[in-house]
1. Look at the range 48-75 and say how many of its residues are surrounded by 13 or more Cβ atoms within 10 Å (Cβ to Cβ) and in contact with a strand residue (DSSP E or B) (Cβ under 8 Å, 6 or more places away or on another chain).
2. Within the range 29-36, is there a residue that is touching a residue at least 12 places away in the same chain (Cβ under 8 Å) and open to solvent by 80 Å² or more (accessible area, probe 1.4 Å)?
3. How many of the residues making up the range 65-83 are under 20 Å from Ser3 (Cα atoms) and in contact with a Gly (Cβ under 9 Å, 6 or more places away or on another chain)?
4. In the range 10-26, what residues are open to solvent by 60 Å² or more (accessible area, probe 1.4 Å), in contact (Cβ under 8 Å) with a residue 12 or more places away in the chain and of a type in the set (Phe, Trp, Tyr)?
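The values are calculated or read from the model by the stated rules, or taken from the named source; none is laboratory data. Computed from a predicted model, the values in this text were never measured in an experiment. Please note: Cβ atoms are built from the backbone with ideal geometry, for glycine as well, and neighbour counts cover all protein chains shown. Ligands, DNA and RNA are stripped out before the accessible areas are found, and what is left, the full protein with its side chains, is counted by its heavy atoms. Shrake-Rupley method; radii C 1.70, N 1.55, O 1.52, S 1.80 Å.
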Amino acid sequence: CPSPSDLKRPNSTRLCALLYADNSPYYEQCCAGAVLPVEPGADVPYMPRGWADEVSSLVVGTRCELTVWSRNGKKGSKKKFKA
């Protein structure tokens with residue numbers, strides 16, 4: 001997985017998080033498969049098509065916080081992730 005300080009686009013603009021579809025019990029094989037980038041300041045109450053219940057691993061960038069909810073529309077229990 002990339003380090004939190006390395007979350008950047010190819011043009012060097014910052015990303016707040018990367019969500020990955022695949023995971024593994026072996027650390028070196030985590031953060032694989034499809035990737036969903038999260039922009040700074042993004043507010044997404046619904047996951048994009050095909051991503052609901054698919055995120056298996058994630059990396060949150062420095063100076064960012066990712067809040068996720070257990071149900072659509074920012075409902076249910078929530079959890080916060082930081083670098």
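1. The qualifying residues number 13.
2. Looking for residues that are touching a residue at least 12 places away in the same chain (Cβ under 8 Å) and open to solvent by 80 Å² or more (accessible area, probe 1.4 Å), one finds none in the range 29-36, hence no.
3. Selection size over the range 65-83: 1.
4. Across the range 10-26, there are no qualifying residues.
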